[in-house]
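Below: the structure, in structure tokens.
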Amino acid sequence: MGKDVKNGVKVGDRVGVGAQSGACLKGDCASCANGSENYCGSMVGTYNSKWPTGEKSYGGYAKYWRGDNNFVFAIPDGVDSAEAAPMLCGGVTLYSPLKQNGCGPGKRVGIVGIGGLGHFGLLWAKALGAKEVVAISRTDAKKEDALKMGADKFIATAEEGYEKTYANSLDLIVSTVSGPGLPLQSYLGLLDIGGQFIQVGAPEDPIPEFMAFSLILKKVKIGGSLIGSPAEIREMLQLAADKKIHPWINERPMADANQAIVDFEKGMPRYRFVLKN
């Protein structure tokens, strides 16, 4: 540890690093100054990125890691290392938009896509005290799992007529899907007056067309969200400890990393693969 480290972490602590290893952290950067370091224009990703010196940043496959202390997080007692690992990227990707958009008592929250990201959405929405948590998926294949994760209701969009059955029933929807054919118009119809649709899945295709009146007539807003800030990560980890949140993970030996990627592409994780060294 460098002599200027001031984040309360000490040598010998169990710590984690998320998807971000660095930022400019300058007072004249609006993002860093207001605690939104994850939107810094000089962000350094923990993988597939470079430091300002041109050196590569190294992530979870590396034997050693070096970075700024602002992006090192103490793992609270009671949170297993294997469970904390996916929280630091996938977990905070859902925690941040839920927290920033008012998920809590009285809110009806929908999570689109019950996968590695989406299952975190169900866990966090329940832990944050949402009035109603609704899992939204194409089929009901994951319905039983979603209900065990805390969902109060399950919407299968392949079923005809779901748009009318659940119209105006949600205050906030967080979408994790990244495939083509996002039925955005239908999802907007599920929102009540003042509802918000937040996209965190990153499809390479353009967002499908939708009618402007879907926004105008109900004061609906569409937004996006990128991972989470260091402050949000620390808050999320503490929530996991306090509420005893356990993500659904499958541990795999680091030596099997290549096969894990193949299995991931087949949709096999339930619901995050964690490589164990």
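The values are calculated or read from the model by the stated rules, or taken from the named source; none is laboratory data. Remember, predicted model here, so these are calculated numbers, not experimental data. Cβ sites come from the backbone with ideal geometry, for glycine too, and all protein chains shown count toward neighbours.
What helices (runs of 4 or more DSSP H), lying completely within the stretch 158-277, carry at least 2 residues that are in contact with a helix residue (DSSP H, G or I) (Cβ under 6 Å, 6 or more places away or on another chain) and touching a residue at least 24 places away in the same chain (Cβ under 8 Å)? Hits in the stretch 158-277: 184-189, 230-243. Here 30, 19, 74 are screened, and the one residue that is small (Gly, Ala, Ser), touching a Ser or Thr at 6+ places or on another chain (Cβ under 6 Å) and within 18 Å of residue 229 (Cβ to Cβ) is 19.
With respect to residue 172, determine if the residue is hydrophobic (A, V, I, L, M, F, W, C) and closer than 22 Å to residue 116 by Cβ. For residue 172, the condition - hydrophobic (A, V, I, L, M, F, W, C) and closer than 22 Å to residue 116 by Cβ - is met. Of all residues in the stretch 215-242, those that are of a type in the set (Gly, Ala, Ser) and within 18 Å of residue 32 (Cα to Cα) total 4. Taken together, the criteria exclude residue 38 from residues that are outside the structural domain of residue 172 (by TED's automatic domain parsing) and in a loop (DSSP other than H, G, I, E, B).
Counting residues in the stretch 58-73 that are surrounded by fewer than 17 Cβ atoms within 10 Å (Cβ to Cβ), modelled with pLDDT of 95 or more and either aromatic (Phe, Trp, Tyr) or in a loop (DSSP other than H, G, I, E, B) (or both) gives zero.
Of all residues in the stretch 43-60, those satisfying the criterion of being touching a strand residue (DSSP E or B) at 6+ places or on another chain (Cβ under 8 Å) and either touching a residue at least 60 places away in the same chain (Cβ under 8 Å) or hydroxyl-bearing (Ser, Thr, Tyr) (or both) are 46, 49, 57, 60. Scanning the stretch 160-175 for residues that are buried (at least 24 other Cβ atoms within 10 Å of the Cβ) and among the polar types (S, T, N, Q) returns a single hit, 175.
For residue 96, indicate whether it is surrounded by 18 or more Cβ atoms within 10 Å (Cβ to Cβ) and part of a strand (DSSP E or B). Here the answer is no, as residue 96 does not meet what is asked. Name the residues in the stretch 133-142 that are surrounded by 17 or more Cβ atoms within 10 Å (Cβ to Cβ), over 16 Å from residue 247 (Cα atoms) and of a type outside the set (A, V, I, L, M, F, W, C), would you? Residues satisfying the conditions are 137, 138. Flag set for residue 77, criterion: assigned by TED's automatic domain parsing to the domain that holds residue 256, under 24 Å from the mean Cα position of the chain (by Cα) and loosely packed, with under 10 Cβ neighbours inside 10 Å. Residues considered: 70, 34. Of these, the only one that is touching a residue at least 40 places away in the same chain (Cβ under 8 Å), out of contact with any Phe, Trp or Tyr (no Cβ under 7 Å at 6 or more places or on another chain), polar (S, T, N, Q) and on the phi < 0 side of the Ramachandran plot is 70.
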